[in-house]
Amino acid sequence: MRKERSIADIGIFKEKIHTALYKNNDIKEVLLGDLTGKSNSEIMKEFKDHVKSHLFIDDTIEETASFIFYDIALPFVHPQIKTCQITMYIITHRDILENYSKEGYHGNRADILAQMVEDTLLNDEEVTRSFGIGPMEIYSLYPYNSRRFYGVQVVIEVPNFR
């Protein structure tokens with residue numbers, strides 16, 4: 001009997017995250033600015049430039065913008081259940097950190113973007129149900145601070161069947 005592939009969940013989760021984030025027009029606005037007049041293919045290409053399914057940030061970003069980097073880990077894999085962790089870096093270039101606001105959201109551009117990601121992944125019931133057997137929960141939040149970028153590191157845990 002063939003065992004289910006736990007490692008495939010890493011790619012599956014990445015695809016689900018990318019799709020969910022892309023559906024949120026507020027996130028696209030923060031990341032890409034005004035989308036008026038742009039084709040769907042242009043928007044998708046630009047979105048992929050700002051949302052990456054890896055955590056390698058240093059020396060990869062040349063522009064003054066906001067970004068979402070994420071990756072998946074499976075820290076607990078037991079015979080019947082596994083825990084998936086989503087680690088996200090939601091970051092903004094320091095030069096544009098303080099020049100964005102949106103009604104209903106609080107803080108700087110990186111804070112607002114992080115709240116939008118939370119709304120998309122944890123507060124959208126349809127998205128949450130597509131990931132695992134229980135509710136997705138924020139495990140930890142830490143500031144992300146580098147020479148040019150500031151933001152938040154978010155770790156989300158998702159229980160799932162093996």
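Looking only at residues in region 113-152 that are β-branched (Val, Ile, Thr) and closer than 22 Å to Ser101 by Cα, the one that is modelled with the lowest pLDDT is Thr120. Mind listing whichever residues of region 55-92 are farther than 20 Å from Met136 by Cα, touching a helix residue (DSSP H, G or I) at 6+ places or on another chain (Cβ under 9 Å) and surrounded by fewer than 18 Cβ atoms within 10 Å (Cβ to Cβ)? Across region 55-92, the qualifying residues are Glu63, Thr64. Taking the criterion of being surrounded by fewer than 14 Cβ atoms within 10 Å (Cβ to Cβ) and either basic (Lys, Arg) or closer than 14 Å to Thr120 by Cα (or both), the residues of region 7-31 that qualify are Thr19, Lys23, Asn25.
Taking region 87-138 as the range and being acidic (Asp, Glu), assigned to a helix (DSSP H, G or I) and farther than 16 Å from Asn25 by Cα as the test, the residues that pass are Asp95, Asp111, Glu125, Glu126. Only one entry of Asp34, Asp95 meets the criterion of being surrounded by fewer than 12 Cβ atoms within 10 Å (Cβ to Cβ) and either touching a Ser or Thr at 6+ places or on another chain (Cβ under 7 Å) or of a type in the set (Val, Ile, Thr) (or both), and that entry is Asp95.
Of all residue pairs spaced 6 or more apart or on separate chains, those with beta-carbon atoms under 6 Å, a first member in region 58-70 that is in a loop (DSSP other than H, G, I, E, B) and a second member that is of a type in the set (Asp, Glu) are Thr64/Asp95. Scanning region 113-162 for residues that are without any contact (Cβ under 8 Å) to a residue 12 or more places away in the chain and of a type in the set (Val, Ile, Thr) returns a single hit, Thr128.
Within region 101-121, the residues that satisfy the criterion of being in contact with a helix residue (DSSP H, G or I) (Cβ under 8 Å, 6 or more places away or on another chain) and crowded, with 17+ Cβ neighbours inside 10 Å are Tyr105, Arg109, Ile112, Leu113, Met116, Val117, Thr120, Leu121. If we keep just the residues of region 133-162 that are within 16 Å of Cys84 (Cα to Cα) and small (Gly, Ala, Ser), which is nearest to the chain's Cα centre (by Cα)? The selected residue is Ser140.
The values are calculated or read from the model by the stated rules, or taken from the named source; none is laboratory data. Please read all numbers here as calculations on a predicted model, not as lab measurements. Don't worry about glycine lacking a Cβ; one is built from the backbone with ideal geometry, like all the others, and counts go over all protein chains shown.
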